[in-house]
Amino acid sequence: MAKKRFEEALQELETIVHKLEEGNLSLDESLSLFEEGIKLSRLCAQRLDEAEKKIDILLKDENGTLYRKAFEPEEGDDA
């Protein structure tokens, strides 16, 4: 099975949340969707963590030369 893209997982998660909010499901259906939603939520968080690790910031030194620096979130930035 191919790796699910972040956007696909997020769309599926949004659909699940909408269905759960409607409240027209049986308990078993709700629990099943909730479990799937948790899996998708974890997958999305994992994809975001992977993306954060790949981010590079291009900077210029005093000579105007571009160099790369690994992204480091600012203190207190819990996004």
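Just so it is clear, none of the values below were taken in a lab; they were calculated from the coordinates. As the structure is a prediction and not an experimental result, all values here were calculated from the model. Backbone-built Cβ (ideal geometry, glycine too); neighbour counts: all protein chains shown.
Odds and ends about this structure:
- At 1.306 mPa s and 10 °C, Stokes diffusion of the stretch 6-70 via Kirkwood alpha-carbon radius, µm² per second: 110
- Taken about its Cα centre, the chain carries a charge dipole of about 480 debye when Lys and Arg each add +1 at the Cβ and Asp and Glu each add -1 at the Cβ.
- One chain, two ends: Lys60 and Phe6. Fully extended at 0.36 nm per residue, the span grows by 16.3 nm beyond their Cα-Cα distance.
- Dividing the mean sequence gap of close Cα pairs (under 8 Å, 6+ apart) by how many residues the chain holds gives a relative contact order of 23 percent.
- Cross-link partners of Lys69 among aspartates and glutamates, defined as those whose alpha carbon lies under 19 angstrom from its own and excluding same-chain residues fewer than eight positions apart: Asp49, Glu50, Glu52, Asp56, Asp61, Asp77.
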